[in-house]
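Take a look at the structure below.
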Amino acid sequence: MCGLMGFLSGNGTAADRVDAIAAGMRCARHRGPDDAGTWNDADVVFGFNRLSIIDIEHSHQPLRWGPPESPDRYALVFNGEIYNYLELRSQLAEEFGTTFRTEGDGEAIVAAVHHWGPEAVSRLRGMFAFLIWDTEQRVLTGARDPFGIKPMFVAELPDGIGFSSEAKGLRELTGTATVDPAALQHYLVLQYVPEPATMDAAIRKVESGTWFRLSPGEPLTTRRYFHPAFLPKPVRTDAERTDLYRRIAEVMDDSVGAHMRADVTVGSFLSGGIDSTAVAALAKRHNPDLMTFTTGFDRQGYSEIDVAAESAEAIGVRHIIRTVSEEELTSTLPLIVWYLDDPVADPALVPLYFVANEARKHVKVVLSGEGADELFGGYNIYREPRSLAPITGLPGPLRRGLGAIGRSLPRGFRGKDLLRRGAIDLEQRYYGNARIFREEQLPGLLHTYQEGRSFRDVTDPVYALSRGSDPISRMQHIDLFTWLRGDILVKADKMTMANSLELRVPFLDPEVFAVASTVPPEEKVSGQATKVALRKAMELIVPPHVLHRRKLGFPVPIRHYLAEGSYEWARSIITSAQTEQYLDAAAVLELLDRHRAGDGDWSRPIWTVLVFQLWHEIFVTGALTPAVPEPAYPVYL
């Protein structure tokens, strides 16, 4: 787990960008405090910050490798981990007689691309973003992992193309951030900026599951190699059902085992839900001395500390707890936004930052349960197609009539929303797990609002790929391409890397997806439960008190804070931020006052605005400069 930068010159003057790359890498020191290096020739500059996890004494980057006739032909910078690197090295040695200078996974990537071409990325089991420069053919090859666990930002400039693990590093090339109005409009609805855009108009993302190959002076064109598809297989007998549960349990055990490969200590996050508990329980099989970490707020009802502690005792691990105060939340948020690079208005960022900070005092790598909900059907909203089926199965005219009746009913009338949503097609009613501002609320809030721009600009192309699938699978498909990579994985990467901690996600593994994609709808959700098949598969692994608990994650009490002790803090940000070009401050203050008065829960919309305003003041105006601590962790653990 590291930080990379690269610049491909379009005119043979890469050396002119060496200082900018070095400055950009200093911005990302937290991603790799153990080692740093740069390399360049006439066309390319590579920079790297290393967090040493595998082959600690060697595998320094930028890494050079080549076949015997040209041993330094390639240069590599690579962020992530390849869990099947030993198998790949053996296969390459057997098929091609490949030799290696290190014991690490980086050389396996370069050799695989050399022998099998860029399509070799589909053979990699892991999380990754990498750049490979062929010094002979003068070609740059790059890729990002299937699910988007590891980031890669890109900026096309007059004299070339820049790449980086951190957008803030690229600003050493692009200059001060400028707001993309379309990105802001999507952000206010979704609470994140959907790929490939970022909030900064000059910077974009290389999309998850894509690779590219280009020469100096060419525009960047990516090619998709990962085409996820949910293809449920019917389960008709008890034997077939039992076999499904067995396959899930086996593939998860295999994935966790692969994700435990490291030359340093590996721990695990632990909340009160089945996902992280299953990962921790399986990890305990591979490391009897496993340590787990959890967090919560010092407010009743906003902590899973007790449940996590009970789970830790049941599975027999040493457990460490970090409690977060309201003052820590408000005082640390600007620093968290600085680490974020791009605004993400998920309050769970805050406890994740603090639990990562605590974990880094004890371990260098942690496992976590991200991805289980998207793969196995864990969100309560996935149950909606079942509840709406009596309406969605009716002829179109009758559905629309019931929808009109629903709209005419008074607010709060039981069944009103059921009628309204049942009359709407899935493509219109579902656009992911986060719904902050409704489209009709934006004209009074957003000065740059553009009529006709909507979330469907993002989701319609994704829905088109799942035509003919069942509604639950289509919702999961949307979340894989939007919510998972725009919110869940961003906060996982950014908050752990902020603390020089590597996070691994065993659910987001190609082998696990291959099994999860076959789970039929009734084994995903029922009238009472979500992740039905996963729960059954984990019955002998997860303690009973967790097996059927409702999902909470790391809950954050912003609803109470913004109405009470943090009201003035929020008000000061809203009134002082220089965002009047984009947002109507009076409209936001009205929401804040309504929230304090108890006229609705407006905490999430307010929080969404606050995060954007902090981002704007840090990266656009420069009016806010958080004190960024220098990484101060031991090199080896």
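What to note about this one:
- Among all positions in segment 338-360, there is no residue which is more than 24 Å from the chain's Cα centre (by Cα) and among the aliphatic types (A, V, I, L, M).
- Qualifying residue in segment 33-51 (condition: crowded, with 18+ Cβ neighbours inside 10 Å, assigned to a loop (DSSP other than H, G, I, E, B), among the β-branched types (Val, Ile, Thr) and under 30 Å from the mean Cα position of the chain (by Cα)): no
- Among the numbered conditions (1) within 26 Å of the chain's Cα centre (by Cα); (2) modelled with pLDDT under 95, the only one that Arg299 does not meet is (1).
- Residue selected from segment 231-261 under the condition of a type in the set (Lys, Arg) and part of a helix (DSSP H, G or I), by the criterion surrounded by the fewest Cβ atoms within 10 Å (Cβ to Cβ): Arg246
- Among residues of segment 342-378 being part of a helix (DSSP H, G or I) and of a type in the set (A, V, I, L, M), the one that is nearest to Val189 (Cα to Cα) is Leu349.
- Residues in segment 588-601 that are surrounded by 16 or more Cβ atoms within 10 Å (Cβ to Cβ) and touching a residue at least 40 places away in the same chain (Cβ under 8 Å): Val588 only.
- Some residue of segment 461-481 being more than 29 Å from Gly371 (Cβ to Cβ) and surrounded by fewer than 16 Cβ atoms within 10 Å (Cβ to Cβ): no
- Across segment 350-391, the qualifying residues are those that are among the polar types (S, T, N, Q) and in contact (Cβ under 8 Å) with a residue 60 or more places away in the chain, and the one among them that is farthest from Arg420 (Cα to Cα) is Asn357.
- Test result for Tyr192, touching a Pro at 6+ places or on another chain (Cβ under 9 Å), crowded, with 22+ Cβ neighbours inside 10 Å and assigned to a helix (DSSP H, G or I): no
- Residues satisfying the stated conditions in segment 45-60, i.e. among the aliphatic types (A, V, I, L, M) and either touching a residue at least 60 places away in the same chain (Cβ under 8 Å) or over 21 Å from Trp133 (Cβ atoms) (or both): Leu51, Ile53, Ile54, Ile56
- Yes/no for Glu57 being in a loop (DSSP other than H, G, I, E, B), assigned by TED's automatic domain parsing to the domain that holds Glu103, of a type outside the set (A, V, I, L, M) and within 14 Å of Thr102 (Cα to Cα): yes
- Contacts under 7 angstrom Cβ, first residue in segment 88-106 being farther than 24 Å from Asp263 by Cα, partner not in a loop (DSSP other than H, G, I, E, B), 6 or more apart: Phe96/His115
- From the options Ala258, Ala280, Ala308, Ala262, residue that is touching a strand residue (DSSP E or B) at 6+ places or on another chain (Cβ under 8 Å) and at pLDDT 95 or above: Ala280
- Scanning segment 61-74 for residues that are more than 26 Å from Lys494 (Cα to Cα) and either without any contact (Cβ under 8 Å) to a residue 24 or more places away in the chain or not hydroxyl-bearing (Ser, Thr, Tyr) (or both) returns Arg64, Trp65, Gly66, Pro67, Pro68, Glu69, Pro71, Asp72, Arg73.
- Residues in segment 105-154 that are buried (at least 24 other Cβ atoms within 10 Å of the Cβ) and assigned to a loop (DSSP other than H, G, I, E, B): Asp105, Leu124, Asp145, Pro146, Phe147, Gly148, Ile149, Lys150, Pro151, Met152.
- Hey, Arg559 free of Cβ contacts under 8 Å to residues at least 12 places away in the same chain, of a type in the set (Lys, Arg), over 22 Å from Met475 (Cα atoms) and assigned to a helix (DSSP H, G or I) or not: no
- Selected residue [small (Gly, Ala, Ser) and over 20 Å from Glu502 (Cα atoms)] from Gly97, Gly47, Gly106: Gly97
- Subset of segment 72-104 that is modelled with pLDDT of 95 or more, of a type in the set (D, E, K, R) and within 30 Å of the chain's Cα centre (by Cα) - its residue that is surrounded by the fewest Cβ atoms within 10 Å (Cβ to Cβ): Glu87
The values are calculated or read from the model by the stated rules, or taken from the named source; none is laboratory data. These numbers were taken from a predicted model, which means no experiment stands behind them. Heads up, the Cβs are rebuilt from the backbone with ideal geometry, glycines too, and the neighbour counts pull from every protein chain shown.
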